[in-house]
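Taken together, the values in this text are just the output of simple stated rules run on the coordinates, not laboratory data. Because the structure is predicted, anything quoted here is derived from the model rather than measured. In this analysis, Cβ positions are derived from the backbone assuming ideal geometry, glycine residues included, and neighbour counts consider all displayed protein chains.
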């Protein structure tokens, strides 16, 4: 296992998938592991009975499924790349920064999805938040069409 880590966030969107693809490319170039994170706002859980089966549903489990699904796509396209996943509580930007800090990441890769407002015209709100608070380098991937 490599010591270098690249962190990216996924949420099931095309924007996040494009950023994850760029993150995979950069992780390969750096000889790093790619760690894919899916954020969830607040931990909530519910137990559901279906017949004789009892299921535990939670926001954390759903976020883990999102990360695992996105990782499967990246692993298929980059078979030699080590890819790990996790769910992280908090707002997306906060979750990415905290995860990168915990893993001593080399790089965080985020998309530049456009949002309304003056600040959002240059960077999306998540990219802006990550760039403002990250203790490592941040790569903003071009993820939208003009």
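Can you give the angle from 0 to 90° between the axis of helix 14-30 and the longest principal axis of the chain, with both taken from C-alpha atoms, to the nearest 10? Rounded to the nearest ten degrees, it is 60.
Against the longest alpha carbon principal axis of the chain, how many degrees, from 0 to 90 and to the nearest 10, is the axis of helix 92-103 turned? Approximately 80 degrees, to the nearest 10.
Relative contact order for the chain: 28 percent, from Cα pairs under 8 Å spaced at least 6 residues apart, divided by residue count. This ranking places 135, 125 by how few other beta-carbon atoms lie within 10 Å of each, fewest first, which gives 135, 125. Report note on the peptides 79-92, 17-30: ranked by the mean count of other C-beta atoms within 10 Å, highest first, their order is 17-30, 79-92.
As an exercise, use a Förster radius of 35 Å and the Cβ-Cβ distance of residue 101 and residue 52 to find the FRET efficiency, rounded to the nearest 0.05. Show your work: numbers first, answer last.
On the way: r = 44 Å, r/R0 = 1.26.
Using R0 = 35 Å, I get an efficiency of 0.20.
Were the residues from residue 30 through residue 78 laid out at 0.36 nm apart, the gain over their Cα-Cα distance would be 15.9 nm.
Here the chain carries DSSP beta bridges of which approximately 25% are antiparallel, counting only pairs with both residues inside.
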